[in-house]
Amino acid sequence: DTGVSQDPRHKITKRGQNVTFRCDPISEHNRLYWYRQTLGQGPEFLTYFQNEAQLEKSRLLSDRFSAERPKGSFSTLEIQRTEQGDSAMYLCASSSGPSVEEAQYFGPGTRLLVL
Amino acid sequence: RKEVEQDPGPFNVPEGATVAFNCTYSNSASQSFFWYRQDCRKEPKLLMSVYSSGNEDGRFTAQLNRASQYISLLIRDSKLSDSATYLCVVIRAGTALIFGKGTTLSVSS
């Protein structure tokens with residue numbers, strides 16, 4: 001399967017714990033995005049990488065959230081001191097092509113439940 | 001006002017029906033437009049891009065009206081497998097996809 005992959009698919013944690021999610025984009029896609037989706041809403045943008053550079057961050061990305069893409073391939077999203085409001089589906093997407101307005105392709109998501 | 005607005009539905013139609021979804025966007029700087037499909041508890045999947053000239057892919061037709069800032073999706077001859085949430089998506093002069101809440105379609109036999 002050469003699509004976007006995410007790990008883990010599900011995570012249950014207690015409030016106050018740290019969690020880390022991984023995303024492997026489609027091979028050779030240089031752009032990688034993180035989104036968050038809660039029930040009944042469309043996905044909301046969190047942050048964006050072009051290669052290893054983090055070029056854009058949403059105001060949704062509080063200081064408890066950090067994302068990296070150290071070698072321009074896979075990316076990690078860490079949430080520190082989790083809160084119940086962090087419970088959501090975390091989606092990763094990737095894209096390529098000459099324009100940033102290209103369509104993005106999503107991974108299956110990591111579903112986080114904070115107790 | 002939300003940047004992308006959709007009628008959440010649900011739209012309940014019988015097999016074979018034609019159904020249309022509309023979506024409006026508020027930022028005239030929006031440059032690219034898409035429809036994504038999302039099945040329950042799954043990731044969004046690209047259905048089609050939307051162009052000003054209109055485009056068709058089998059039973060699906062998408063239209064963009066820049067002057068009125070709305071996007072439409074028409075599904076002809078609905079199938080049971082078309083049941084899903086359809087997400088209207090725009091990209092401004094930037095990088096992030098801006099999603100609507102989605103319109104839920106249920107096709108019944």
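Before moving on, here are some points about what is shown:
- Hits in segment B:1-31 - residues which are in contact with a strand residue (DSSP E or B) (Cβ under 7 Å, 6 or more places away or on another chain) and among the hydrophobic types (A, V, I, L, M, F, W, C): B:Val4, B:Phe11, B:Val13, B:Val19, B:Ala20, B:Phe21, B:Cys23
- Among the residues listed as A:Gly3, A:Gly16, the single one being within 14 Å of chain B (Cβ to nearest Cβ) and either in contact (Cβ under 8 Å) with a residue 12 or more places away in the chain or under 30 Å from B:Pro8 (Cα atoms) (or both): A:Gly3
- Considering only residues in segment B:78-105 that are closer than 15 Å to B:Ser28 by Cα and surrounded by fewer than 24 Cβ atoms within 10 Å (Cβ to Cβ), the one that is modelled with the highest pLDDT turns out to be B:Ile98.
- From the list B:Ile71, B:Ile75, the one residue that fits, being touching a helix residue (DSSP H, G or I) at 6+ places or on another chain (Cβ under 7 Å) and buried (at least 18 other Cβ atoms within 10 Å of the Cβ), is B:Ile75.
- Counted residues, segment A:1-43 - those being part of a strand (DSSP E or B) and among the basic types (Lys, Arg): 4
- Among the candidates B:Ile98, B:Ile91, the residue that is within 14 Å of another protein chain (Cβ to nearest Cβ), closer than 23 Å to A:Ser94 by Cα, touching a Leu at 6+ places or on another chain (Cβ under 7 Å) and touching a residue at least 12 places away in the same chain (Cβ under 8 Å) is uniquely B:Ile91.
- Some residue of segment B:47-55 being of a type in the set (Ser, Thr, Tyr), out of contact with any Cys (no Cβ under 8 Å at 6 or more places or on another chain) and under 30 Å from A:Lys57 (Cβ atoms): yes
Every residue, every condition in (1) charged (D, E, K, R); (2) over 11 Å from the mean Cα position of the chain (by Cα); (3) more than 10 Å from every other protein chain (Cβ to nearest Cβ); (4) over 21 Å from A:Pro8 (Cβ atoms), yes or no:
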{"position": "A:Glu28", "(1), (2), (3), (4)": "yes, yes, yes, yes"}
{"position": "A:Arg31", "(1), (2), (3), (4)": "yes, yes, no, yes"}
{"position": "A:Tyr48", "(1), (2), (3), (4)": "no, no, no, yes"}
{"position": "A:Glu52", "(1), (2), (3), (4)": "yes, yes, yes, yes"}
{"position": "A:Ser58", "(1), (2), (3), (4)": "no, yes, no, yes"}
{"position": "A:Ser62", "(1), (2), (3), (4)": "no, yes, yes, yes"}
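- The residue that is nearest to the other protein chains (Cβ to nearest Cβ), among those in segment A:70-102 that are of a type in the set (Gly, Ala, Ser) and farther than 20 Å from A:Ala53 by Cα, is A:Ala88.
- Taking segment B:51-68 as the range and being within 13 Å of the chain's Cα centre (by Cα) and of a type in the set (A, V, I, L, M) as the test, the residues that pass are B:Ala62, B:Leu64.
- Residues located in segment B:13-46, provided they are away from every other protein chain (no Cβ under 12 Å), of a type outside the set (Phe, Trp, Tyr), under 16 Å from the mean Cα position of the chain (by Cα) and not in a loop (DSSP other than H, G, I, E, B): B:Val19, B:Ala20, B:Asn22, B:Thr24
- Members of segment A:25-44 found to be free of Cβ contacts under 8 Å to residues at least 60 places away in the same chain and farther than 19 Å from A:Glu56 by Cα, listed by number: A:Ser27, A:Thr38, A:Leu39, A:Gly40, A:Gln41, A:Gly42
The values are calculated or read from the model by the stated rules, or taken from the named source; none is laboratory data. Since the structure is predicted, the reported quantities are computational estimates derived from the model, not experimental observations. In this analysis, Cβ positions are derived from the backbone assuming ideal geometry, glycine residues included, and neighbour counts consider all displayed protein chains.
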